[in-house]
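Peer 1: Below you will find the structure I want to go over with you.
The values are calculated or read from the model by the stated rules, or taken from the named source; none is laboratory data. Keep in mind that this is a model prediction, so the values were computed, not measured. Reconstructed Cβ throughout: ideal geometry from the backbone, glycine too, with neighbour counts over all protein chains shown. Heads up: the accessible areas ignore ligands, DNA and RNA and are worked out on the full protein's heavy atoms, side chains in. Shrake-Rupley method; radii C 1.70, N 1.55, O 1.52, S 1.80 Å.
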Amino acid sequence: MDQTAGMATVPDLQSEALGRAGFKNVLVVSRGEELFQWSDRRRDTVKAVYSITKSVLSALVGIALDRGLLTGVDQPLAAFFPEWAEGEPQREAVTLEHLLTMTAGFDWPDFDKPYWEMKRQPDWAAYVLNRSFAQEPGHAFAYNSGGSHLLAAVLTRVVDGDLLEFAREALFAPLGIHPPAWRENGGIREGGAGLFLSAAELARFGRLYLQEGEWEGKRLISAEWVRESICVRHKGLALYEPPIYASYGYHWWVSPSEQNGLCDYYFAFGYGGQYLFVVPKLHLTAVVRKSLKGRSDAIRSKELFHRAILEPMLGRGK
């Protein structure tokens with residue numbers, strides 16, 4: 001598709017301006033139709049998606065539930081690490097749902113500060129399991145990529161093999177996603193980050209959720225899991241300034257209209273401004289990715305989405 005077609009008539013989506021502003025990809029798809037596509041290198045390339053990996057992991061949790069490999073989100077983490085939890089009430093209280101909603105209670109300072117220390121350890125899962133508790137499980141939100149890695153460790157156990165192979169069969173191949181790179185530690189794929197995908201592949205993943213888990217007539221994820229995942233489970237970081245985050249579901253960020261002032265949508269978010277937005281009202285997915293210039297600079301991606309994509313399509317643009 002010509003990069004100047006479709007929604008490029010919106011001034012803020014002119015290719016030259018996007019390049020100067022440090023964007024890498026902008027892709028807008030509605031009802032399966034590509035409305036706008038731009039890449040800084042004139043072609044869509046595979047790049048790190050950072051914490052968008054968490055939302056893909058959530059999908060894999062749902063598939064494992066659908067297949068009976070997990071019994072429910074109320075399943076205790078101790079079921080998979082019995083020696084770790086034995087005789088420890090706080091450890092015994094942690095459930096898969098607590099990990100999915102970032103409310104497990106581990107001592108994990110704001111904005112994932114222990115993450116890089118975890119990555120220097122020989123066994124990342126053991127490092128997370130050995131963290132002390134700052135809160136009772138279920139009481140407080142703390143963004144924690146280590147908890148996501150524990151979910152990946154649980155999935156690795158229940159699929160009895162490489163989680164990437166499970167993901168290829170259950171999710172990536174049906175979506176037409178080429179086998180991606182996914183970093184690992186000791187045979188466990190990184191739960192909180194580590195995936196590499198193109199913008200088009202991210203958009204397909206978003207469309208799968210728009211279609212409540214169905215793809216080309218085949219059900220990949222139960223509609224119930226999709227709906228459960230995008231419900232607000234905690235206020236999360238909805239009050240953070242600048243407003244790069246939102247409320248939190250099951251490893252998805254959820255932005256109700258009363259928060260964003262436009263309409264209900266949800267999104268997967270990766271460090272520095274990598275977004276996959278899903279807008280049910282418009283049957284729309286939008287991928288916005290930019291160069292890395294710090295956490296808070298991500299607001300530029302969200303502002304572009306609001307001003308140049310969402311507002312015009314809602315009839316609220318200038």
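Peer 1: What number goes with the only condition from (1) among the hydroxyl-bearing types (Ser, Thr, Tyr); (2) open to solvent by 40 Å² or more (accessible area, probe 1.4 Å); (3) under 19 Å from the mean Cα position of the chain (by Cα) that residue 247 does not pass?
Peer 2: (2)
Peer 1: Of all residues in the range 39-56, count the ones that are in a loop (DSSP other than H, G, I, E, B), open to solvent by 10 Å² or more (accessible area, probe 1.4 Å), under 13 Å from residue 271 (Cα atoms) and of a type in the set (A, V, I, L, M, F, W, C).
Peer 2: Residues meeting the conditions: 0.
Peer 1: Being open to solvent by 30 Å² or more (accessible area, probe 1.4 Å) and in contact with a Phe, Trp or Tyr (Cβ under 6 Å, 6 or more places away or on another chain) is the filter here, so list the residues in the range 160-177 that pass it.
Peer 2: Of everything in the range 160-177, just one residue is open to solvent by 30 Å² or more (accessible area, probe 1.4 Å) and in contact with a Phe, Trp or Tyr (Cβ under 6 Å, 6 or more places away or on another chain), namely 174.
Peer 1: Look through 36, 81 and report the one residue that is farther than 28 Å from residue 286 by Cα and surrounded by 19 or more Cβ atoms within 10 Å (Cβ to Cβ).
Peer 2: Exactly one residue qualifies, and that residue is 81.
Peer 1: Taking the range 85-110, which residues are part of a helix (DSSP H, G or I) and surrounded by 13 or more Cβ atoms within 10 Å (Cβ to Cβ)?
Peer 2: Selection gives 85, 90, 91, 92, 93, 96, 97, 98, 99, 100.
Peer 1: Taking the range 129-183 on its own, how many of its residues are over 18 Å from the mean Cα position of the chain (by Cα) and of a type in the set (Lys, Arg)?
Peer 2: Final tally of qualifying residues: 2.
Peer 1: Do you know which residues across the range 142-159 are open to solvent by less than 20 Å² (accessible area, probe 1.4 Å), more than 18 Å from residue 73 (Cβ to Cβ) and either outside any helix (DSSP H, G or I) or of a type outside the set (Ser, Thr, Tyr) (or both)?
Peer 2: Matches in the range 142-159: 146 only.
Peer 1: Is it the case that residue 312 is at pLDDT 95 or above and either crowded, with 18+ Cβ neighbours inside 10 Å or of a type outside the set (Ser, Thr, Tyr) (or both)?
Peer 2: Considered against the rule, which asks whether it is at pLDDT 95 or above and either crowded, with 18+ Cβ neighbours inside 10 Å or of a type outside the set (Ser, Thr, Tyr) (or both), residue 312 comes out as no.
For every residue, the table says whether it meets (1) on the phi < 0 side of the Ramachandran plot; (2) buried (at least 22 other Cβ atoms within 10 Å of the Cβ); (3) at pLDDT 95 or above; (4) among the β-branched types (Val, Ile, Thr).
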residue	(1), (2), (3), (4)
112	no, no, no, no
126	yes, no, yes, no
137	yes, yes, yes, no
140	yes, no, yes, no
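Peer 1: Give 293, 281, 302, 235 a once-over and let me know the one that is open to solvent by 20 Å² or more (accessible area, probe 1.4 Å), over 27 Å from residue 139 (Cβ atoms) and at pLDDT 95 or above.
Peer 2: 281
Peer 1: Quick one: count up the residues across the range 116-145 that are within 19 Å of residue 54 (Cβ to Cβ), aromatic (Phe, Trp, Tyr) and in contact (Cβ under 8 Å) with a residue 40 or more places away in the chain.
Peer 2: Residues in the range 116-145 being within 19 Å of residue 54 (Cβ to Cβ), aromatic (Phe, Trp, Tyr) and in contact (Cβ under 8 Å) with a residue 40 or more places away in the chain: 3 in total.
Peer 1: Can you tell me which residue within the range 182-204, out of those that are over 29 Å from residue 30 (Cβ atoms) and outside any strand (DSSP E or B), is most open to solvent (accessible area, probe 1.4 Å)?
Peer 2: Once the filter is applied, the top-ranked residue is 183.
Peer 1: Still on this model: Within the set of pairs 6+ apart or on separate chains, which have a first residue in the range 160-183 that is closer than 14 Å to residue 195 by Cα, a second that is hydroxyl-bearing (Ser, Thr, Tyr) and surrounded by 12 or more Cβ atoms within 10 Å (Cβ to Cβ), and C-beta atoms under 8 Å apart?
Peer 2: That search, which allows pairs on different chains as well, returns 163/156; 182/53.
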